[in-house]
Amino acid sequence: MAHGKTAKSSGKTFLEEVRHMLGGETLASCYQCGTCASSCPVARVSERFNPREVIRQSLLGEKEEILFGDALWLCCSCYNCQERCPQKVEIADVFYALRNLAIREGKMPNIYSEFSAGLMSEGKIVPMSKFLEKKRADYGLPPLKPANMDTLRKILSATGFDKLKKKEEPQ
Amino acid sequence: MTRYALFLGCTIPARQPHYEVSARKSLAKLGIDLVDLEGMTCCAPPPLQSIDLETSLSMAAYNISLAEEADLDIVTLCTGCFESLAIANNLLRENAKLKERVNKILSNAGKEFRGNKEVRHYLQVLMKDVGIDHLKKNVTRKLGNLKVATFYGCHSLRPSALLKFDDPERPKLFDNLVEALGAKSIWYRNKLKCCGGLLRGYADDIALAIARDKIAMATKAGADCLSTLCPFCFLTLDLGQFLMKSTYHEEYNLPILHYTELLSLSLGIDPKELALDFHKIRVDKVLSKIS
(Lines give C-alpha, C1' and ligand atoms only; values in the text may rest on other atoms or scores of the structure.)
Protein backbone atom coordinates (compact mmCIF):
# COMPACT_ATOMS: atom_id res chain seq x y z
CA MET A 1 0.00 0.00 0.00
CA ALA A 2 2.75 2.38 0.92
CA HIS A 3 4.46 1.72 -2.38
CA GLY A 4 1.52 2.46 -4.67
CA LYS A 5 2.46 3.57 -8.14
CA THR A 6 2.20 7.25 -8.89
CA ALA A 7 -0.29 8.59 -11.42
CA LYS A 8 2.41 9.12 -14.00
CA SER A 9 3.65 5.55 -14.00
CA SER A 10 0.24 3.87 -13.97
CA GLY A 11 -1.44 6.18 -16.47
CA LYS A 12 -4.32 7.01 -14.09
CA THR A 13 -5.60 10.55 -13.70
CA PHE A 14 -4.85 12.18 -10.38
CA LEU A 15 -8.53 12.09 -9.41
CA GLU A 16 -8.66 8.34 -10.05
CA GLU A 17 -5.46 7.87 -8.10
CA VAL A 18 -6.86 9.67 -5.06
CA ARG A 19 -10.17 7.83 -5.28
CA HIS A 20 -8.35 4.53 -5.07
CA MET A 21 -6.57 5.54 -1.89
CA LEU A 22 -7.90 4.72 1.57
CA GLY A 23 -9.76 7.87 2.63
CA GLY A 24 -9.96 9.29 -0.89
CA GLU A 25 -13.01 7.34 -2.10
CA THR A 26 -15.59 10.16 -1.87
CA LEU A 27 -13.58 12.98 -3.47
CA ALA A 28 -15.47 13.06 -6.80
CA SER A 29 -18.84 13.88 -5.15
CA CYS A 30 -17.81 17.43 -4.33
CA TYR A 31 -19.90 20.14 -6.07
CA GLN A 32 -17.93 23.06 -4.60
CA CYS A 33 -20.66 24.55 -2.40
CA GLY A 34 -18.15 25.83 0.16
CA THR A 35 -19.85 24.49 3.31
CA CYS A 36 -16.42 23.10 4.25
CA ALA A 37 -14.72 26.48 4.02
CA SER A 38 -17.39 28.20 6.10
CA SER A 39 -17.11 25.49 8.81
CA CYS A 40 -13.32 25.53 8.92
CA PRO A 41 -11.61 26.96 12.04
CA VAL A 42 -8.31 27.34 10.18
CA ALA A 43 -9.79 29.27 7.23
CA ARG A 44 -11.33 31.65 9.79
CA VAL A 45 -7.94 32.79 11.05
CA SER A 46 -5.62 32.26 8.08
CA GLU A 47 -5.56 33.05 4.38
CA ARG A 48 -3.11 30.20 3.81
CA PHE A 49 -5.87 27.59 3.89
CA ASN A 50 -9.23 26.94 2.27
CA PRO A 51 -10.40 23.30 2.16
CA ARG A 52 -12.69 23.90 -0.80
CA GLU A 53 -9.72 25.17 -2.82
CA VAL A 54 -7.61 22.09 -2.08
CA ILE A 55 -10.53 19.85 -3.07
CA ARG A 56 -11.02 21.89 -6.27
CA GLN A 57 -7.36 21.52 -7.19
CA SER A 58 -7.61 17.77 -6.57
CA LEU A 59 -10.63 17.51 -8.86
CA LEU A 60 -8.75 19.42 -11.55
CA GLY A 61 -5.70 17.19 -11.21
CA GLU A 62 -3.30 19.90 -10.06
CA LYS A 63 -1.12 17.28 -8.46
CA GLU A 64 2.15 19.15 -8.05
CA GLU A 65 0.49 22.21 -6.54
CA ILE A 66 -1.27 20.10 -3.92
CA LEU A 67 1.35 17.52 -3.01
CA PHE A 68 4.24 19.96 -2.81
CA GLY A 69 2.27 22.92 -1.45
CA ASP A 70 1.74 24.20 2.08
CA ALA A 71 -2.07 24.05 2.29
CA LEU A 72 -2.22 20.26 2.43
CA TRP A 73 -0.66 20.34 5.91
CA LEU A 74 -2.93 23.03 7.33
CA CYS A 75 -6.07 20.94 7.85
CA CYS A 76 -6.41 20.55 11.64
CA SER A 77 -8.42 17.30 11.30
CA CYS A 78 -11.37 18.65 13.29
CA TYR A 79 -13.91 16.97 10.96
CA ASN A 80 -16.30 19.94 11.08
CA CYS A 81 -16.41 20.05 7.27
CA GLN A 82 -16.84 16.31 6.93
CA GLU A 83 -19.71 16.32 9.41
CA ARG A 84 -21.53 19.04 7.47
CA CYS A 85 -20.77 18.23 3.83
CA PRO A 86 -24.11 17.91 1.99
CA GLN A 87 -22.48 15.59 -0.55
CA LYS A 88 -21.01 13.34 2.15
CA VAL A 89 -17.48 13.95 0.93
CA GLU A 90 -15.22 12.63 3.68
CA ILE A 91 -13.08 15.73 3.45
CA ALA A 92 -10.77 15.19 6.42
CA ASP A 93 -10.13 11.66 5.18
CA VAL A 94 -9.43 12.97 1.65
CA PHE A 95 -6.76 15.17 3.25
CA TYR A 96 -5.21 12.08 4.84
CA ALA A 97 -5.22 10.35 1.44
CA LEU A 98 -3.53 13.37 -0.17
CA ARG A 99 -0.95 13.56 2.63
CA ASN A 100 -0.28 9.83 2.28
CA LEU A 101 0.39 10.43 -1.43
CA ALA A 102 2.65 13.42 -0.75
CA ILE A 103 4.68 11.38 1.72
CA ARG A 104 5.11 8.57 -0.81
CA GLU A 105 6.51 11.23 -3.12
CA GLY A 106 9.07 12.08 -0.44
CA LYS A 107 7.44 15.25 0.92
CA MET A 108 7.36 14.81 4.70
CA PRO A 109 7.24 17.92 6.93
CA ASN A 110 9.80 17.73 9.76
CA ILE A 111 7.25 17.29 12.54
CA TYR A 112 5.93 14.15 10.81
CA SER A 113 9.47 12.77 10.53
CA GLU A 114 9.73 13.24 14.29
CA PHE A 115 6.46 11.37 14.92
CA SER A 116 7.61 8.58 12.64
CA ALA A 117 11.00 8.32 14.38
CA GLY A 118 9.34 8.21 17.81
CA LEU A 119 7.03 5.45 16.68
CA MET A 120 9.86 3.37 15.26
CA SER A 121 12.08 3.72 18.34
CA GLU A 122 9.61 3.32 21.25
CA GLY A 123 6.22 2.69 19.71
CA LYS A 124 4.98 6.09 20.92
CA ILE A 125 4.81 9.39 19.08
CA VAL A 126 5.35 11.46 22.21
CA PRO A 127 8.62 10.33 23.81
CA MET A 128 8.40 9.25 27.45
CA SER A 129 10.21 11.50 29.89
CA LYS A 130 12.69 9.52 32.02
CA PHE A 131 12.07 11.98 34.83
CA LEU A 132 8.33 11.34 34.85
CA GLU A 133 8.82 7.62 34.50
CA LYS A 134 10.81 7.65 37.75
CA LYS A 135 8.30 9.92 39.47
CA ARG A 136 5.33 7.65 38.73
CA ALA A 137 5.66 5.75 42.00
CA ASP A 138 5.60 9.05 43.98
CA TYR A 139 2.20 9.82 42.46
CA GLY A 140 0.94 6.32 43.19
CA LEU A 141 0.95 5.38 39.51
CA PRO A 142 1.78 1.80 38.40
CA PRO A 143 4.94 1.18 36.33
CA LEU A 144 4.49 1.84 32.61
CA LYS A 145 4.19 -1.16 30.34
CA PRO A 146 6.41 -0.78 27.27
CA ALA A 147 5.08 -1.18 23.73
CA ASN A 148 5.67 -4.50 22.03
CA MET A 149 8.27 -3.34 19.50
CA ASP A 150 8.79 -6.72 17.92
CA THR A 151 5.14 -6.93 16.91
CA LEU A 152 4.97 -3.28 15.89
CA ARG A 153 8.00 -3.61 13.61
CA LYS A 154 6.35 -6.53 11.82
CA ILE A 155 3.25 -4.41 11.20
CA LEU A 156 5.29 -1.42 10.02
CA SER A 157 7.27 -3.64 7.69
CA ALA A 158 4.15 -5.33 6.26
CA THR A 159 2.61 -1.96 5.30
CA GLY A 160 5.90 -0.43 4.13
CA PHE A 161 5.66 2.34 6.77
CA ASP A 162 9.28 1.75 7.82
CA LYS A 163 10.45 2.76 4.32
CA LEU A 164 8.56 6.07 4.20
CA LYS A 165 10.76 9.07 4.67
CA LYS A 166 11.53 12.56 3.54
CA LYS A 167 13.43 12.71 0.27
CA GLU A 168 16.74 14.52 0.72
CA GLU A 169 16.95 17.82 -1.16
CA PRO A 170 19.35 17.65 -4.14
CA GLN A 171 22.72 19.32 -3.38
CA MET B 1 -16.57 -3.85 39.86
CA THR B 2 -16.72 -3.21 36.13
CA ARG B 3 -13.43 -4.03 34.43
CA TYR B 4 -11.93 -2.31 31.42
CA ALA B 5 -8.62 -2.48 29.61
CA LEU B 6 -7.15 1.01 30.04
CA PHE B 7 -5.71 2.47 26.86
CA LEU B 8 -3.37 5.12 28.23
CA GLY B 9 -1.73 6.36 25.00
CA CYS B 10 1.46 8.43 24.62
CA THR B 11 0.79 11.98 25.79
CA ILE B 12 -0.75 11.34 29.20
CA PRO B 13 2.13 9.35 30.74
CA ALA B 14 4.75 11.49 28.98
CA ARG B 15 3.37 14.89 29.95
CA GLN B 16 0.32 14.84 32.23
CA PRO B 17 0.54 12.78 35.41
CA HIS B 18 -2.24 14.94 36.87
CA TYR B 19 -4.63 13.52 34.28
CA GLU B 20 -3.66 9.93 34.94
CA VAL B 21 -3.68 10.29 38.74
CA SER B 22 -7.11 11.94 38.82
CA ALA B 23 -8.55 9.42 36.35
CA ARG B 24 -7.28 6.36 38.19
CA LYS B 25 -8.36 7.65 41.61
CA SER B 26 -11.82 8.84 40.61
CA LEU B 27 -12.73 5.85 38.44
CA ALA B 28 -11.57 3.43 41.16
CA LYS B 29 -13.74 5.28 43.67
CA LEU B 30 -16.73 4.79 41.38
CA GLY B 31 -16.13 1.05 41.02
CA ILE B 32 -14.35 0.97 37.66
CA ASP B 33 -11.42 -1.43 37.62
CA LEU B 34 -8.73 -0.45 35.10
CA VAL B 35 -6.44 -3.17 33.75
CA ASP B 36 -3.09 -2.19 32.19
CA LEU B 37 -2.39 -4.60 29.32
CA GLU B 38 1.07 -5.57 28.09
CA GLY B 39 2.47 -4.37 24.78
CA MET B 40 0.08 -1.62 23.66
CA THR B 41 1.55 0.87 21.20
CA CYS B 42 0.54 4.33 20.04
CA CYS B 43 -3.13 4.35 18.93
CA ALA B 44 -2.15 5.84 15.58
CA PRO B 45 -3.87 9.26 15.74
CA PRO B 46 -4.14 11.92 12.96
CA PRO B 47 -0.38 12.61 12.73
CA LEU B 48 0.19 8.95 11.83
CA GLN B 49 -2.97 8.72 9.75
CA SER B 50 -1.45 11.57 7.75
CA ILE B 51 1.62 9.44 7.05
CA ASP B 52 -0.19 6.22 6.18
CA LEU B 53 -3.83 5.36 6.82
CA GLU B 54 -3.39 1.64 6.27
CA THR B 55 -0.67 1.46 8.91
CA SER B 56 -2.75 3.51 11.34
CA LEU B 57 -5.79 1.27 10.97
CA SER B 58 -3.61 -1.79 11.43
CA MET B 59 -2.03 -0.39 14.61
CA ALA B 60 -5.43 0.48 16.06
CA ALA B 61 -6.70 -3.00 15.17
CA TYR B 62 -3.62 -4.53 16.80
CA ASN B 63 -4.25 -2.66 20.06
CA ILE B 64 -7.90 -3.67 20.04
CA SER B 65 -6.87 -7.29 19.44
CA LEU B 66 -4.92 -7.21 22.73
CA ALA B 67 -8.12 -6.30 24.58
CA GLU B 68 -10.00 -9.00 22.67
CA GLU B 69 -7.44 -11.56 23.81
CA ALA B 70 -7.93 -10.38 27.41
CA ASP B 71 -11.72 -10.50 26.94
CA LEU B 72 -12.11 -6.85 28.00
CA ASP B 73 -13.70 -3.76 26.51
CA ILE B 74 -11.37 -0.74 26.17
CA VAL B 75 -11.68 2.59 27.94
CA THR B 76 -9.64 5.59 26.83
CA LEU B 77 -8.77 8.80 28.69
CA CYS B 78 -7.37 10.61 25.66
CA THR B 79 -9.93 11.69 23.09
CA GLY B 80 -7.39 11.20 20.30
CA CYS B 81 -6.95 7.56 21.31
CA PHE B 82 -10.73 7.19 21.52
CA GLU B 83 -11.12 8.46 17.99
CA SER B 84 -8.41 6.28 16.44
CA LEU B 85 -9.56 3.12 18.15
CA ALA B 86 -13.32 3.66 17.84
CA ILE B 87 -13.05 4.55 14.15
CA ALA B 88 -11.00 1.43 13.46
CA ASN B 89 -13.31 -0.77 15.53
CA ASN B 90 -16.49 0.42 13.85
CA LEU B 91 -15.06 0.79 10.35
CA LEU B 92 -13.58 -2.70 10.31
CA ARG B 93 -16.76 -4.22 11.71
CA GLU B 94 -18.77 -2.58 8.91
CA ASN B 95 -16.35 -3.22 6.07
CA ALA B 96 -15.44 -6.90 5.65
CA LYS B 97 -13.03 -6.23 2.79
CA LEU B 98 -11.06 -3.72 4.82
CA LYS B 99 -11.08 -6.04 7.81
CA GLU B 100 -9.61 -8.80 5.67
CA ARG B 101 -6.94 -6.43 4.37
CA VAL B 102 -5.96 -5.33 7.90
CA ASN B 103 -5.99 -8.89 9.21
CA LYS B 104 -3.64 -9.92 6.43
CA ILE B 105 -1.20 -7.32 7.74
CA LEU B 106 -1.72 -8.37 11.36
CA SER B 107 -1.13 -12.02 10.46
CA ASN B 108 2.53 -11.09 9.93
CA ALA B 109 2.63 -10.42 13.66
CA GLY B 110 0.48 -13.42 14.59
CA LYS B 111 -2.49 -11.21 15.52
CA GLU B 112 -6.10 -11.01 14.44
CA PHE B 113 -8.78 -8.33 14.81
CA ARG B 114 -12.19 -9.87 15.50
CA GLY B 115 -14.35 -6.87 16.34
CA ASN B 116 -16.12 -8.36 19.35
CA LYS B 117 -15.14 -5.75 21.96
CA GLU B 118 -16.21 -2.16 22.55
CA VAL B 119 -14.06 0.98 22.62
CA ARG B 120 -15.41 3.55 25.06
CA HIS B 121 -14.50 7.05 26.10
CA TYR B 122 -14.48 7.29 29.89
CA LEU B 123 -17.44 9.69 29.83
CA GLN B 124 -19.48 6.91 28.21
CA VAL B 125 -18.35 4.56 30.97
CA LEU B 126 -19.45 7.06 33.61
CA MET B 127 -22.87 7.32 31.96
CA LYS B 128 -23.35 3.65 31.21
CA ASP B 129 -21.66 1.78 34.07
CA VAL B 130 -21.84 4.31 36.89
CA GLY B 131 -24.91 6.35 35.96
CA ILE B 132 -25.77 9.94 36.82
CA ASP B 133 -27.74 9.05 39.97
CA HIS B 134 -25.00 6.90 41.46
CA LEU B 135 -22.45 9.56 40.56
CA LYS B 136 -24.50 12.25 42.31
CA LYS B 137 -24.76 10.09 45.44
CA ASN B 138 -20.96 9.88 45.60
CA VAL B 139 -20.40 13.63 45.41
CA THR B 140 -19.20 14.84 48.80
CA ARG B 141 -17.91 18.26 47.74
CA LYS B 142 -20.46 20.06 45.58
CA LEU B 143 -18.94 22.35 43.00
CA GLY B 144 -21.87 24.70 43.61
CA ASN B 145 -20.67 28.11 42.48
CA LEU B 146 -18.34 26.97 39.81
CA LYS B 147 -19.04 28.07 36.23
CA VAL B 148 -17.49 25.52 33.89
CA ALA B 149 -16.96 25.96 30.15
CA THR B 150 -16.99 22.40 28.83
CA PHE B 151 -14.84 21.66 25.82
CA TYR B 152 -15.62 18.39 24.05
CA GLY B 153 -12.72 18.68 21.64
CA CYS B 154 -13.16 17.40 18.10
CA HIS B 155 -12.45 13.72 18.30
CA SER B 156 -15.01 12.75 20.88
CA LEU B 157 -17.77 14.01 18.59
CA ARG B 158 -16.62 13.80 15.00
CA PRO B 159 -16.89 11.87 12.73
CA SER B 160 -20.16 11.13 14.52
CA ALA B 161 -21.28 8.28 12.25
CA LEU B 162 -18.33 6.17 13.41
CA LEU B 163 -17.82 7.47 16.94
CA LYS B 164 -21.48 7.41 18.05
CA PHE B 165 -20.60 9.52 21.11
CA ASP B 166 -23.25 12.25 21.13
CA ASP B 167 -25.09 14.66 18.81
CA PRO B 168 -22.18 16.41 17.03
CA GLU B 169 -23.95 19.77 16.83
CA ARG B 170 -25.78 19.77 20.19
CA PRO B 171 -23.96 17.44 22.54
CA LYS B 172 -25.12 17.13 26.16
CA LEU B 173 -23.17 14.24 27.68
CA PHE B 174 -20.24 16.23 29.07
CA ASP B 175 -22.47 19.10 30.28
CA ASN B 176 -24.72 16.65 32.11
CA LEU B 177 -21.73 15.07 33.82
CA VAL B 178 -20.43 18.48 34.92
CA GLU B 179 -23.83 19.41 36.31
CA ALA B 180 -24.01 16.07 38.14
CA LEU B 181 -21.12 17.40 40.24
CA GLY B 182 -23.24 20.38 41.20
CA ALA B 183 -21.36 22.85 38.97
CA LYS B 184 -22.91 25.05 36.30
CA SER B 185 -22.07 24.27 32.69
CA ILE B 186 -22.09 27.55 30.78
CA TRP B 187 -22.55 28.27 27.08
CA TYR B 188 -19.85 30.17 25.21
CA ARG B 189 -19.36 31.13 21.60
CA ASN B 190 -17.62 28.62 19.33
CA LYS B 191 -17.86 26.00 22.07
CA LEU B 192 -17.69 23.12 19.57
CA LYS B 193 -14.84 24.57 17.50
CA CYS B 194 -11.39 23.00 17.47
CA CYS B 195 -8.51 24.02 19.81
CA GLY B 196 -6.04 24.06 16.89
CA GLY B 197 -3.75 21.61 18.69
CA LEU B 198 -2.97 19.38 15.74
CA LEU B 199 -1.32 22.25 13.88
CA ARG B 200 1.25 22.70 16.64
CA GLY B 201 4.68 21.84 15.25
CA TYR B 202 3.70 22.69 11.66
CA ALA B 203 1.96 26.07 11.92
CA ASP B 204 2.30 27.25 15.52
CA ASP B 205 0.99 30.74 14.72
CA ILE B 206 -2.30 29.40 13.34
CA ALA B 207 -2.68 26.88 16.16
CA LEU B 208 -2.27 29.66 18.71
CA ALA B 209 -4.75 31.95 16.95
CA ILE B 210 -7.39 29.22 17.10
CA ALA B 211 -6.66 28.45 20.77
CA ARG B 212 -6.83 32.14 21.62
CA ASP B 213 -10.37 32.32 20.28
CA LYS B 214 -11.47 29.49 22.60
CA ILE B 215 -9.88 31.03 25.68
CA ALA B 216 -11.19 34.50 24.85
CA MET B 217 -14.77 33.28 24.30
CA ALA B 218 -14.87 31.17 27.48
CA THR B 219 -13.45 34.10 29.46
CA LYS B 220 -15.97 36.49 27.98
CA ALA B 221 -18.79 34.15 29.00
CA GLY B 222 -17.63 34.34 32.61
CA ALA B 223 -16.14 30.87 33.00
CA ASP B 224 -14.24 30.10 36.22
CA CYS B 225 -12.47 27.33 34.36
CA LEU B 226 -12.53 25.42 31.11
CA SER B 227 -12.76 21.64 31.29
CA THR B 228 -11.13 19.29 28.77
CA LEU B 229 -11.30 15.59 27.87
CA CYS B 230 -8.07 15.35 25.90
CA PRO B 231 -4.39 15.86 26.84
CA PHE B 232 -3.74 17.62 23.55
CA CYS B 233 -6.55 20.15 24.04
CA PHE B 234 -5.30 20.65 27.60
CA LEU B 235 -1.74 21.37 26.48
CA THR B 236 -2.88 23.72 23.73
CA LEU B 237 -5.12 25.73 26.06
CA ASP B 238 -3.06 25.64 29.28
CA LEU B 239 0.51 26.12 28.03
CA GLY B 240 -1.03 28.08 25.16
CA GLN B 241 -1.99 30.90 27.53
CA PHE B 242 1.73 31.52 28.24
CA LEU B 243 2.28 31.84 24.50
CA MET B 244 -0.75 34.16 24.19
CA LYS B 245 0.87 36.40 26.76
CA SER B 246 4.17 36.63 24.88
CA THR B 247 2.61 36.78 21.39
CA TYR B 248 -0.51 38.90 21.88
CA HIS B 249 0.25 40.51 25.27
CA GLU B 250 -3.03 39.09 26.55
CA GLU B 251 -3.30 37.56 29.99
CA TYR B 252 -6.32 35.34 30.62
CA ASN B 253 -5.30 33.16 33.57
CA LEU B 254 -8.20 30.83 32.84
CA PRO B 255 -7.62 27.54 34.71
CA ILE B 256 -7.93 24.45 32.49
CA LEU B 257 -9.00 21.27 34.27
CA HIS B 258 -9.52 17.80 32.93
CA TYR B 259 -12.98 16.50 33.79
CA THR B 260 -11.36 13.77 35.92
CA GLU B 261 -9.85 16.51 38.10
CA LEU B 262 -13.22 18.15 38.71
CA LEU B 263 -14.62 14.68 39.34
CA SER B 264 -11.86 13.82 41.83
CA LEU B 265 -12.36 17.07 43.73
CA SER B 266 -16.11 16.51 43.94
CA LEU B 267 -15.60 12.93 45.16
CA GLY B 268 -13.67 14.39 48.10
CA ILE B 269 -10.16 13.45 47.00
CA ASP B 270 -7.53 15.71 48.61
CA PRO B 271 -6.18 18.24 46.05
CA LYS B 272 -2.68 17.51 47.41
CA GLU B 273 -2.95 14.00 45.93
CA LEU B 274 -3.76 15.25 42.44
CA ALA B 275 -0.37 16.46 41.12
CA LEU B 276 -1.90 19.85 40.34
CA ASP B 277 1.60 21.35 40.03
CA PHE B 278 1.59 20.22 36.41
CA HIS B 279 -0.84 22.98 35.47
CA LYS B 280 0.85 25.99 33.87
CA ILE B 281 -2.14 28.16 34.79
CA ARG B 282 -2.67 27.87 38.55
CA VAL B 283 -5.94 26.32 39.66
CA ASP B 284 -6.06 28.02 43.11
CA LYS B 285 -9.01 30.18 42.04
CA VAL B 286 -11.02 27.04 41.39
CA LEU B 287 -9.98 25.37 44.64
CA SER B 288 -10.87 28.41 46.73
CA LYS B 289 -14.28 28.60 45.12
CA ILE B 290 -15.25 25.05 45.95
CA SER B 291 -13.69 24.41 49.37
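The values are calculated or read from the model by the stated rules, or taken from the named source; none is laboratory data. Treat the numbers as computed from the prediction; the structure is a model and nothing was measured. Note that each Cβ is placed from the backbone with ideal geometry, even for glycine, and that neighbours are counted across all protein chains shown. Side chains included, ligands, DNA and RNA excluded: accessible areas come from the protein's heavy atoms. Shrake-Rupley method; radii C 1.70, N 1.55, O 1.52, S 1.80 Å.
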With labels modelled as points extended 7 Å from the Cα through the Cβ direction, what inter-label distance (nm, one decimal) is found for A:Lys145 paired with A:Arg84? 4.2 nm
Where Lys and Arg each count +1 and Asp and Glu each count -1, what net charge lies around A:Gly34 among other residues with Cβ under 14 Å from its Cβ? +3
How many nm is it between the label spots at B:Asn116 and B:Ser291, if each spot is 7 Å from the Cα in line with the beta carbon? 5.2 nm
Report the GluC sites (Glu not before Pro) located in segment A:98-144 that are in a DSSP loop and have at most 14 other Cβ atoms inside 10 Å of their Cβ, or state none. A:Glu105
Could you work out what % of the accessible surface of segment A:7-104 is carbon and sulfur, using a 1.4 angstrom probe and leaving DNA, RNA and ligands out of the count? 47 percent
If the limit is 30 Å between Cα atoms, which of B:Lys128/B:Lys184; B:Lys111/B:Lys136; B:Lys245/B:Lys285; A:Lys12/B:Lys111; A:Lys88/B:Lys25 go over it? B:Lys111/B:Lys136; A:Lys12/B:Lys111; A:Lys88/B:Lys25
Considering only chain B, percent of DSSP beta bridges that pair antiparallel, nearest 5: 0 percent
So which of A:Lys107/A:Lys154; B:Lys193/B:Lys280; A:Lys124/B:Lys191 end up more than 27 Å apart, counting from Cα to Cα? A:Lys124/B:Lys191
Mind putting a number on the dipole of chain B about its Cα centre? Charges go on the C-beta only, +1 for Lys and Arg and -1 for Asp and Glu, and I need it in Debye to the nearest 20. 740 debye
With springs only between Cα atoms under 10 Å apart, run a GNM on chain A and tell me which of A:Pro41, A:Pro51, A:Pro143 wobbles the most. A:Pro143
Mind telling me which of A:Gly69, A:Gly140, A:Gly34 comes out most flexible in a GNM of chain A, alpha-carbon contacts under 10 Å? A:Gly140
Given a Förster distance of 22 Å, the FRET efficiency implied by the Cβ-Cβ spacing of A:Ser29 and B:Arg93, rounded to the nearest 0.05, works out to 0.35
Please report the carbon-and-sulfur percent of the accessible area for segment B:2-121; probe 1.4 Å, protein heavy atoms only, DNA, RNA and ligands left out. 43 percent
Per residue value of the accessible surface for segment A:7-104 (all protein chains in place, 1.4 Å probe), Å²: 42 Å²
Considering only DSSP states other than H, G, I, E and B, which trypsin sites (Lys or Arg not before Pro) in segment B:177-206 qualify as loop sites with at most 15 other Cβ atoms within 10 Å? B:Arg189
Could you state the angle between the C-alpha long axis of helix B:17-29 and the longest principal axis of the C-alpha atoms of chain B, as a value from 0 to 90 degrees rounded to the nearest 10? 80 degrees
